[in-house]
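Inspection log for the structure reproduced underneath, given as structure tokens.
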Amino acid sequence: MTLDAGFERNPHTDGIVRCRGVTKSFGAGEASVAALRGVDLDVYAGELLLLVGPSGCGKTTLLSVIGAMLERDGGECAVMGRDPGEMQPRDRARFRGESIGFVFQGFNLLPTLTAEDNVSVPLLIGGASRRRARQRAREILGTVGLGERLDALPAELSGGQQQRVAIARALARDPRLILCDEPTSNLDHETGAEMVDLLRRTGRSADRALVVATHDSRIFGFADRVARMEDGRVQDVVAANAAGAPP
């Protein structure tokens, strides 16, 4: 398996994520189900990597392990040079909040809060003053094209607009790693393509990486590389144009 197809990188200086032999099972005894069966994966700074494969292949579980939301059973997983599995719960939560942004399939916006307040929440949790949190929320919502919808509730926004709020929330604390779980699944193709393009434009930078789990092959053209998963393993990692991406 090729781990760095299409890239010439030094994982010691450019690596954001390095997984080797990662395993994860759910349940016990005869009811145990292996979700990850020895995953090897590198994610480099400055890239957008798509994680693709059929339902149940382990994409969401792998994102959850990388994002310090699930503890792995075995193997190694370093995120920005640190191992979340070796951290105490409080330190792991702080690391996750400061260093990793999440964009979820169902948006996960708080329905009684405005767009501005939804984006302010992670900043307030991180210790920012209310004034600074609101200022940053307005800045980032303006960046994603919602500067005139600051006071709108989620129910007053379209699906694409809600996803823009979710992207703004993920970017609010300027994380080095952004993880997206099926961010286009609740959107039509045109809006979904706009969202991935927005993620690419606002989220990619020389010292940041994005990992997007998706079933949507139509967005391959926005990626740098595509990691194909099957049966709990990464089968290969190829340059996006070698994975059938449109030009």
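Every number here is computed from the coordinates shown, using simple stated rules; none is lab data. Note that this is a predicted model, so its numbers are computed, not measured. Every residue, glycine among them, receives a Cβ derived from its backbone with ideal geometry; neighbour counts consider all protein chains shown.
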Practice problem: Treating the angle as unsigned and between 0 and 90°, give the value, to the nearest 10°, between the Cα long axis of helix 89-99 and the longest Cα principal axis of the chain. | Solution: 70
Practice problem: Using a cut-off of 15 Å between beta-carbons, work out the net charge of the residues near SER158 (Lys and Arg +1, Asp and Glu -1, SER158 not included). | Solution: -3
Practice problem: Treating the angle as unsigned and between 0 and 90°, give the value, to the nearest 10°, between the Cα long axis of helix 159-171 and the longest Cα principal axis of the chain. | Solution: 80
Quiz item: Using a simple spin-label model with points 7 Å from Cα along the Cα→Cβ vector, what separation in nm is obtained for GLU230 and GLU86?
Solution: 3.5
Quiz item: Which net charge results for the neighbourhood of ASP216, defined as the other residues with beta-carbon distances under 15 angstrom from its beta-carbon, given Lys and Arg at +1 and Asp and Glu at -1?
Solution: -2
Quiz item: Using modelled backbone amide H atoms (1.01 Å from N, in-plane), which distant-in-sequence or interchain residues come within less than 5 Å of GLU230's amide H?
Solution: GLN235
Exercise. Using the number of other C-beta atoms within 10 angstrom as an exposure proxy, rank THR112, THR60, THR23, THR184 with the fewest first.
Key: THR112, THR23, THR60, THR184
Quiz item: If you build the Cα gyration tensor of the chain and take the root of 5 times each eigenvalue, what three semi-axes come out, in whole angstrom, biggest first?
Solution: 29, 21, 18
Quiz prompt | Restricting segment 87-157 to GluC sites (Glu not before Pro) in coil, as DSSP defines it, with at most 13 other Cβ within 10 Å | solution = GLU148
Practice problem: Out of all DSSP beta bridges with both ends in the chain, state the antiparallel percent to the nearest 5. | Solution: 55
Quiz item: Angle, helix 115-125 long axis vs. longest principal axis of the chain, Cα atoms, 0 to 90°, nearest 10?
Solution: 60
Self-check item: segment 13-86: Rg to Rh, with Rh as the Kirkwood radius over Cα pairs
Solution: 0.98
